[in-house]
1. Quick check: the angle from helix 5-15's long axis to the longest principal axis of the chain, C-alpha only, nearest 10 degrees?
2. Would you please give the FRET efficiency between V138 and R590, computed as 1/(1 + (r/R0)^6) with r the Cβ-Cβ distance and R0 = 60 Å, to the nearest 0.05?
3. Spin-label point model (7 Å from Cα, Cβ direction): what's the D562 to R579 distance in nm?
4. Just to be sure I understand: of the beta bridges DSSP finds with both ends in segment 593-722, what percent are antiparallel, rounded to 5?
5. Could you work out how far apart the two model spin labels at H685 and L379 are, taking each label as a point 7 Å from the Cα in the direction of the beta carbon, and quote it in nm?
6. Measuring from centroid to centroid over Cα atoms, what is the spacing of segment 79-124 and segment 759-802 in Å?
7. Measure nothing but the geometry: give the 0 to 90° angle between the long axis through the Cα atoms of 69-81 and the longest principal axis through the Cα atoms of the chain, rounded to 10°.
8. Give, in nm to one decimal, the length gained when the segment between L180 and N96 is fully stretched (0.36 nm per residue of separation minus the Cα-Cα distance).
Amino acid sequence: MSYKQSDYNTYRNYESMSTVNPVNGIMSEVAPDFNFGNAVINERRMPVVPVRNIVLFPFITVPLSVTDPEILDVLSLAHKNQEAVITLTVKPDSENITTKSLYRIGVVCIVARIMEMPDGSFTAFMVAANRAKATKIVSKENGFFAAIEYEPELFPKEEDMELAAIFSSINDSFSEILNLFSEDETKELRYALTQFSSPFKLMNFIICNSPITLDDKQKLLEESDIKTRGSMLLRMLDTAYQMLQLKVDIQDRSREDLTKQQRDQFLQQQLKAIKEELGDVPEESDEADLIARADKMEWSEEIRTYFDKELKKLGRFMSSTPEYGIQYTYLNTLLSLPWDKKKDSPIDLERVEETLNRDHYGLDKVKDRILEQVAVMKLRGDLKAPILCLYGPPGVGKTSLGKSVAEALGRDYQRISLGGLHDEAEIRGHRRTYIGAMPGRIIAALEKTESNNPVIVLDEIDKISKDIKGDPSAALLEVLDPEQNSKFHDNYIDVDYNLSDILFIATANTLDTISAPLLDRMELLEVSGYIVEEKIEIAKRHLLPKALTDLGFASDDVTLSDDALRIMTERYTRESGVRELDKTIRRLLRRLARLKATGKALPKVIDSAKAREILGKEKHTGELYEGNDYVGVVTGLAWTAAGGEILFIESSLSKGKGEKLTLTGNLGDVMKESATIALQYVRSHAEELGIDEKKFTDFDVHIHVPEGAIPKDGPSAGITMVTSLISSFTGRKVREKVAMTGEMTLRGKVLPVGGIKEKILAAKRAGITDIVLSAENRSDIEEIESIYLEGVNFHYVKNISEVIDYAVLKD
């Protein structure tokens, strides 16, 4: 196709269209059978059609596949109203379509037709007209709209033979690209090339169908000078041709060496040919990097020898194979471990004690034990000592203790959450024979540290479960045994690793679910709940200052009075720890933050009345003693994972044959057995208790524990149940403000129970003044700090008769 004078005249006519409607002016050239005369063109508020992976050019009719319902609505409305739209291409790196993700130069188009395809999608036929620039884009609920300015095409003032040569070269270059493909693949495209009479329109068509990038196509659209645009396109076509030719040569070279036995390595040969062309051999650079890193490692000669042996294996694999990736990842893991690298910070006991006291209030017994452990570390220089296991209710500071210890010792800190763990490989690692194999959590934690002697907290060790994949708690036996963990074997790294320098601290809420062998390897340290006074002090020292900082207050903006904190502790939370108290304080401060943000006056001091006003209705009325107005009602004490609680045992008699014992209140098997033992004891000791034996044949017994939605179990309600039954059978009330806990036998012996400190705290919260418990629990009471025992009298008993003599009134 040659450049003719008629084409020059067409360009000159196009250049003079500034005085006419641009769309109507080129209507006949684009689509003679389509009527642009009634098109609505709003240059100040033109609908925007965002398009991906395509750039539209003037004078080309383009079928546009539409999958976005919002864009389909814009196109449908424009087609219905015969309204012009502007198509703007979305930038390649944009996930979401925004005003900033759209190029500013596009093409004004008319929606000629919208067709629904057989697969349910829609295709819109866009008739492209002039280039235009979106000077301003706004986003509305019904799409994007733009104010536009037309961008005129700059044609030569007179016939330009250089431009004609450029057009001809573009056509030739594109034909050469098409020759790289089969005739069947390009048949329709070759035919379309013969249908253009204008070189300018042909150039735009070639741009749309050329194998050049989206960015390059947009650059071509934004270029106003036709000669410059043609020159740019010619360079891009030459580059695309060279890349395609190189690809064909690589494929041909691979096919020459292809045999039937080598078909499975076809892709590897292609990749190898590409690397030869680029002059890049990544395997050598990878190996050199690994060797350089290995030379800087602090590890034993034995480990270095093993590493060099594994490094040689890497050279046997091509970098494109899965085996290469597996081996490289393995070697990288070996280099990421600290091995013999340690942080030798001097141990300062005073600093450790100061840090623990700064970060945690109370917990004196726990702090003393940690200080003892640190003292042994300082004297011995190693950690050949039992692993500490801190157990207690949630929110009492078990996990944060480990972080404070790490800070005080100047060591790295890592926390491993074991909650829900059920696969042994999570501890010991996967064998490298599996794709996607990884080291266990212990080794993975060490990868993140810079030393081989960090503090690692094994959090929620009581939440470990097991299934067909193994028992993780069994794998932890080696980790937590000081005599074995110096040669811990992880299946992934496949060499022994020394864990003996790591300070492990485990945490748990209950010991019931931890296996006996694992318990045997740990020293148990109970972290019990706080009394109200301690919670108030913790709130003042830690919770309130941190909450003020987190919520944008100055440290002196708000002060909570002791009465307000007491109300929040007793009436809005019910827990042994302080986690709910922290949430309550933050809820109160968020309400004050709203006042501060709106410029309203902020109360400096929050008293109890103001706290009630802000927090609203109290959540808890308190675990209060309900009095001794009725026979058969006795107050018991129970332990839960959230701390101690009081519960009420109720019993009553009803006419019957004396053969029925009804138990209600969602009781567990152990508690049901305690009720049976209690009734049997009362039957066998009826005479000495002053009970008419006819009552056992004339009355049925019903024992109930309120709050039936909550499951209850355990042996500690034994003496409470028998006291309740004796009260019901004799009609004698129970002494006021008395609570009791203890297991009983058929002979009437009172046995000790656990959770004494939590039960005492629950009794104090409820206003109990006297507690009856086994004489064998006296040692537990003696170990509890005196502050927890103030205001409570303890009555130690060995037999049920002593309980009855004290607790059941004579009248």
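The values are calculated or read from the model by the stated rules, or taken from the named source; none is laboratory data. Computed from a predicted structure; not experimentally measured. Quick reminder, even Gly has a Cβ in these numbers, built from the backbone with ideal geometry, and neighbours come from all protein chains shown. For accessibility, only protein heavy atoms count, side chains too; no ligands or nucleic acids. Shrake-Rupley method; radii C 1.70, N 1.55, O 1.52, S 1.80 Å.
1. Once rounded, the angle reads 50 degrees.
2. My answer for the efficiency is 0.95.
3. 2.9
4. For segment 593-722, the DSSP antiparallel bridge percentage is about 75.
5. It is 4.9 nm.
6. With segment 79-124 and segment 759-802 each reduced to a Cα centre, they are spaced 79 Å.
7. Helix 69-81 sits at roughly 40 degrees to that axis.
8. Contour length minus Cα-Cα distance gives 26.6 nm.
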